[in-house]
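The values are calculated or read from the model by the stated rules, or taken from the named source; none is laboratory data. For clarity, every value in this text was computed on a predicted model and none was experimentally measured. Here Cβ is always computed from backbone atoms with ideal geometry, including for glycine, and neighbour counts include all displayed protein chains. The accessibility values were calculated without ligands, DNA or RNA, using every heavy atom of the protein model including side chains. Shrake-Rupley method; radii C 1.70, N 1.55, O 1.52, S 1.80 Å.
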Amino acid sequence: MVISSPIGAITEKRYNSRKGCDRSAELVVDNLSYRGFMRNISIEGAYVETERAFDIGKEVTLAFRHSVSNSQIMMKGRIVRVDHKGIAVKFNP
């Protein structure tokens, strides 16, 4: 997908649209549990703000509550991007 911006066209790497959210989440990395806030989610992955720095490529389990049913959801994936605010997780197929 190509998106217009003030500096020209940008190629979007995502195939599925993201949905913004503000949900508390638990991350399990290397058998240790951390807290974070999920800021967006798609069928392929999620972005989670966290105060902890993680390495790209690490396996992660992300647990959070469904916004309607309040049931717990657990997704396994891999950290694919890290920035100064958090991590991007790509879910396993």
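Considering (1) surrounded by 11 or more Cβ atoms within 10 Å (Cβ to Cβ); (2) in contact with a Phe, Trp or Tyr (Cβ under 8 Å, 6 or more places away or on another chain), the lone condition that residue 22 does not fulfil carries the number (1). Check whether at least one residue in segment 58-73 is among the charged types (D, E, K, R), modelled with pLDDT of 95 or more and under 15 Å from the mean Cα position of the chain (by Cα), and report yes or no. Checked against the condition, which is being among the charged types (D, E, K, R), modelled with pLDDT of 95 or more and under 15 Å from the mean Cα position of the chain (by Cα), segment 58-73 yields at least one hit.
Scan segment 35-63 residue by residue and report those that are of a type in the set (A, V, I, L, M, F, W, C), part of a strand (DSSP E or B) and open to solvent by 20 Å² or more (accessible area, probe 1.4 Å). Scanning segment 35-63 gives 37, 41.
What are the residues in segment 15-29 that are among the hydroxyl-bearing types (Ser, Thr, Tyr) and at pLDDT below 85, if any? 15, 17 - these are the residues of segment 15-29 that are among the hydroxyl-bearing types (Ser, Thr, Tyr) and at pLDDT below 85.
Can you tell me which residue is farthest from the chain's Cα centre (by Cα) among those in segment 23-34 that are without any contact (Cβ under 8 Å) to a residue 12 or more places away in the chain and assigned to a strand (DSSP E or B)?
Checked segment 23-34; the qualifying residue farthest from the chain's Cα centre (by Cα) is 32.
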